[in-house]
1. Ranked from highest to lowest mean number of other Cβ atoms within 10 Å per residue, what is the order of the peptides 42-51, 154-163?
2. Viscosity 0.692 mPa s, temperature 37 °C: what is the translational diffusion coefficient of the stretch 50-169 from Stokes-Einstein with a Kirkwood Rh over Cα pairs, rounded to a whole number of µm²/s?
3. Helix 115-127 against the longest principal axis of the chain: what's the angle in degrees, Cα atoms only, rounded to the nearest 10?
4. Nothing charged except the Cβ atoms of Lys and Arg (+1) and of Asp and Glu (-1): what's the magnitude of the dipole of the chain about its Cα centre? Round to the nearest 20 debye.
5. How much length is gained if the chain between residue 77 and residue 152 is pulled fully straight, taking 0.36 nm per residue apart and subtracting their Cα-Cα distance, in nm to one decimal?
6. Taking the Cα centre of the stretch 82-129 as origin, sum charge times position over the Cβ atoms of Lys and Arg (+1) and Asp and Glu (-1), and report the length of that vector in debye to the nearest 20.
7. Taking 0.36 nm per intervening residue step and subtracting the Cα-Cα distance, what contour gain separates residue 130 from residue 98 on full extension?
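What follows draws every value from the coordinates through simple rules; no lab data is involved. Quick caveat: nothing in here was measured; it's all calculated off a predicted structure. Positions of Cβ are backbone-derived with ideal geometry, glycine not excepted, and every protein chain shown enters the neighbour counts.
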Amino acid sequence: MSTNPDGDRDRLLAEAVRLREAGRREEAKERLVALSGVFPDDAEVAYQTAWVHDTLGLEAEAVPHYERALNRPGLSATDRRGALLGLGSTYRILGRYEEAVATLGGAAAEFPEDGALRTFLAMSLYNVGRTHDAMEMLLTLLAATSSDPEITGYRPAIEEYAKDLDATM
């Protein structure tokens, strides 16, 4: 475990995360930026730093932290999924739609059961003019995940129409 003069990395990171979770995001950001300076190659610190910037609406500032987190070893699968979703959705918010599609498309391939990734990918596909692909993805996801009896009763039809929205049956 790495340490620094101000204390132990794990303790400092945990404190910053608790601050973010408690709604003290500015304070968490200050601590995480400082921690990033001490541990510039730490993927988990970079991910948490990106996350807090995102929660503050500082999307452009979050991007390099997400990218650093994803380009270093050390993220758990859960944190990797979260960083990919965060980066992809942040690219989308910033109007970087092609990068959003590439990031979220890769993430959805890596984590195929994650409906949130596919939802954000569908929004990004819409933004690049791929409306058919976006609708197909959303309809397929809706049919597969809805517990609404009005939806489940039409599941086979929705799944079929998702393949070709222009088809008539």
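1. 42-51, 154-163
2. D = 215 µm²/s.
3. Orientation of helix 115-127: about 70 degrees from the principal axis.
4. 280
5. Working: separation 75, 0.36 × 75 = 27.00 nm, distance 3.12 nm.
Net length gain for the segment: 23.9 nm.
6. Using Cβ point charges on Lys, Arg, Asp and Glu, the stretch 82-129 gives about 160 debye.
7. Net length gain for the segment: 10.4 nm.
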